[in-house]
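Notes follow once the structure below has been shown.
The values are calculated or read from the model by the stated rules, or taken from the named source; none is laboratory data. Bear in mind that the values here come from a model prediction, so they are computed numbers and not experimental data. With ideal geometry, Cβ positions are generated from the backbone for all residues, glycine too; neighbour counts draw on all protein chains shown. The area values use the complete protein model at the heavy-atom level, side chains included, leaving out ligands, DNA and RNA. Shrake-Rupley method; radii C 1.70, N 1.55, O 1.52, S 1.80 Å.
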Amino acid sequence: MNDDLIIAGKNYSSRLLVGTGKYKDFSETRAAIDASGAQIVTVAIRRTNIGQHAGEPSLLDCLPPEEFTYLPNTAGCYSADDAVRTLRLARELLDGHKLVKLEVLGDPKTLYPNVIETIAAAKTLVKDGFDVMVYTSDDPIIAKQLEEIGCCAVMPLASLIGSGMGILNPWNLEIIIENAKVPVLVDAGVGTASDAAIAMELGCAGILMNTAIAVAKNPVLMASAMKKAVEAGREAFLAGRMPKKLYSASPSSPVAGLITAA
Amino acid sequence: MQIFINGNIKQLYSDNVTITALVVTLNLTGKRLAIERNGEIVPRSQFDVVMLSDGDKLEIVGAVGGG
């Protein structure tokens, strides 16, 4: 069955997108990402370390852009202007690459999205020809507005970035998914495999995560678990779950033909 | 002349320095990077022709791990 995730007109067989931060070293980064099966990987744009050794390996050596779809982010940006500036640099850095992850943060303690600045940045970036996957709160109205601006995917948080608290408001996610015509991905907050499965069962098109894998005791094993959880959750969503029956059981075995007392 | 690279002062001992020459000086040849000069991106195709001026503020960035 072909069940590709389609983002900005491109097909991906994996619905798990992963970050590349917080790993011990590049070899662990690469091993975990291979185990996750992810095809889209986020990267941050930062000042180059002037004076570093010329032969020092870089992230791009570890994850060649020919093998992965890069998703440069705007992590650490607190204004629309900074986010737009960062992604224009990313586009230059990655030879005209258009697919980006927009996130404009509200404060350093919660890293909660500043949706007003996010909307302003999204408008500028879409007009400028970027394919914008946008990190936002789980507010259904804002999510719809970001879609209407022209974002190619809307990515509400499940809970705070790096918190591992799981899905705090499945009801809002369901409203967002039901209203959306673009892929809705959960971005941020997934802590373990069951969180990922639940998000997919709700009908999310995919999940973007970093910390849950990178900070696990065994990141490579967790990456493998997340791959399976995303696939299992997706299949369960497509299969259509049985209706919930509150307060009444329904036996799985025949009620007729029971032996009687001798 | 004096320029600023990623917020740090850098002295250059020549008045005719292209971006390409600066990249060589900084030992960044062959690195994938993007450069902003006084708030404007300098396309890689222009590295050979853009001359630095006294007081220029450069941002030199690359891709790093992030979520």
(request) Over chain A, consider all pairs of different Cα atoms and compute the Kirkwood hydrodynamic radius from their mean reciprocal separation; express it in Å, one decimal. (result) 19.4 Å
(message) Defining a contact as two alpha carbons under 8 Å apart and six or more residues distant in sequence, what relative contact order in percent does chain B show?
(response) 45 percent
(request) Report the residue, chosen from A:Leu238, A:Leu157, A:Leu146, that carries the largest GNM mean-square fluctuation when chain A is represented by alpha-carbon nodes joined by springs under 10 Å. (result) A:Leu238
(request) Identify the GluC sites (Glu not before Pro) of the stretch A:1-75 meeting these criteria: DSSP loop state and at most 13 other C-beta atoms within 10 Å of the C-beta. (result) A:Glu66, A:Glu67
(request) Would you mind telling me the antiparallel percentage of the DSSP bridges in the stretch A:1-76, rounded to 5? (result) 40 percent
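Which of rounded, prolate, oblate describes the stretch A:1-156, given a ≥ b ≥ c as roots of the alpha-carbon gyration tensor eigenvalues and a/c under 1.5 marking rounded, otherwise prolate only if a/b is larger than b/c?
Working: a/c = 1.69, a/b = 1.26, b/c = 1.34.
Oblate.
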(message) Can you tell me the orientation of helix A:140-149 relative to chain A, as the angle in degrees between its alpha-carbon axis and the longest Cα principal axis, to the nearest 10?
(response) 50 degrees
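Rounded to the nearest 0.05, what FRET efficiency is calculated for A:Lys217 and B:Ser53 with R0 set to 30 Å and r the Cβ-Cβ distance?
Working: r = 53 Å, r/R0 = 1.75.
Step by step, r from the Cβ atoms, then E = 0.05.
Using +1 on the beta carbon of Lys and Arg, -1 on that of Asp and Glu, and nothing else charged, what's the dipole of the protein assembly as shown about the Cα centre, debye to 20? Write down the numbers at each step before the final one.
Working: 30 positive and 36 negative charges, 113 e Å.
Result for the protein assembly as shown is approximately 540 debye, rounded to the nearest 20.
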(request) Give a residue-ordered list of calculated ³J(HN,Hα) values for the stretch A:178-195 (Karplus: 6.51 cos²θ - 1.76 cosθ + 1.60, θ = phi - 60°; whole Hz; x for Gly, Pro). (result) 5, 7, 8, 9, 10, x, 10, 10, 7, 10, 5, x, 5, x, 8, 4, 5, 4
(message) If the only charges are +1 at each Lys and Arg Cβ and -1 at each Asp and Glu Cβ, what is the size of the charge dipole of the stretch A:164-228 around the Cα centre, to the nearest 20 debye?
(response) 280 debye
(request) On a 0 to 90° scale, report how tilted helix A:26-36 is relative to the longest principal axis of chain A, with both axes built from alpha carbons and the result rounded to the nearest 10. (result) 30 degrees
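When the helices in the protein assembly as shown are scored as -39500 (n - 2.57) per DSSP H run of 4 or longer and the sum is shared across all residues, what 222 nm value do you end up with, to the nearest 500 deg cm²/dmol?
Values: 10 runs with 103 residues, N = 329.
For the protein assembly as shown, the value works out to -9500 deg cm²/dmol.
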(request) In a Gaussian network model over chain A where Cα atoms closer than 10 Å are linked, find which of A:Cys152, A:Cys62, A:Cys77 has the largest mean-square fluctuation. (result) A:Cys62
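With viscosity set to 0.692 mPa s and temperature to 37 °C, compute the Stokes-Einstein D of the stretch A:66-150, Rh being the Kirkwood radius across alpha carbon pairs; µm²/s, no decimals. Write out the running numbers ahead of the final one.
Numbers: Rh = 12.8 Å.
D, rounded to a whole number, is 256 µm²/s.
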(request) Please report, as a whole percent, how much of the solvent-accessible surface of the protein assembly as shown comes from carbon and sulfur atoms (probe radius 1.4 Å). (result) 54 percent
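Taking a threshold of 24 Å on the Cα-Cα distance, which of the pairs A:Lys127/A:Lys181; A:Lys22/A:Lys109; A:Lys217/A:Lys244; A:Lys10/A:Lys144 fall above it?
Values: A:Lys127/A:Lys181 20 Å; A:Lys22/A:Lys109 18 Å; A:Lys217/A:Lys244 36 Å; A:Lys10/A:Lys144 22 Å.
Result: A:Lys217/A:Lys244 exceed 24 Å.
Treating the beta-carbon of each Lys and Arg as +1 and of each Asp and Glu as -1, no other charges, what is the dipole magnitude of the stretch A:1-112 about its Cα centre, to the nearest 20 debye?
Details: 13 positive and 15 negative charges, 65 e Å.
For this selection, approximately 320 debye.
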